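*Asks:* Take this structure, written in structure tokens, and hold onto it; I'll ask about it next.
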Amino acid sequence: MKGILINYEYCTGCHSCEVACRNELGLSKGEYGIKLTEVGPYEYSTDIKADTPYEWVYNPTITKACNLCAERTAEGKLPSCVQACQAWVMYYDDIEELAKKMDGKTRWALYSPLQA
């Protein structure tokens, strides 16, 4: 089973994944195969151990419209969102292989779209 792994610790919030997906799937305005969500900015209390007391991250979230770019991947290409990622924080592979990349040092999200 294939999936997409995102290291959202380093996502820059550029929206390239959204645009590429919308173009690939022919989605209308307001429809998304991947939707960039923003968390923050806000400040934690001082008892949180982190490099900075602030939280401000972007998390590309796979939606129900995602089919992992079935036509592209059948041709050996990457899903359009992974191909377009300017921060190089998205990976496409077998779920088991992607899980091995999760190092516990940064924040990751592993998605496996719904199967038809």
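The values are calculated or read from the model by the stated rules, or taken from the named source; none is laboratory data. None of the values given here were measured: they were computed from a predicted structure. Ideal geometry is used to build each Cβ from the backbone, glycine not excepted, and the neighbour counts take in all protein chains shown.
*Asks:* Which of the numbered conditions does THR52 fail, given that it passes all the others? Conditions: (1) farther than 21 Å from ILE95 by Cβ; (2) in contact with a strand residue (DSSP E or B) (Cβ under 7 Å, 6 or more places away or on another chain).
*Replies:* (2)
*Asks:* Here's another thing I want to ask about it. Only one of THR106, THR52, THR61 is closer than 12 Å to CYS21 by Cβ, of a type in the set (S, T, N, Q) and modelled with pLDDT under 95; which?
*Replies:* None of the other options fit; the residue is THR61.
So that you can scan it fast, the table gives a plain yes or no per residue for (1) loosely packed, with under 13 Cβ neighbours inside 10 Å; (2) among the aromatic types (Phe, Trp, Tyr); (3) touching a His at 6+ places or on another chain (Cβ under 6 Å):
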site: CYS14; (1), (2), (3): no, no, no
site: GLY30; (1), (2), (3): yes, no, no
site: ALA74; (1), (2), (3): yes, no, no
site: LYS77; (1), (2), (3): no, no, no
site: ASP93; (1), (2), (3): no, no, no
site: TRP108; (1), (2), (3): no, yes, no
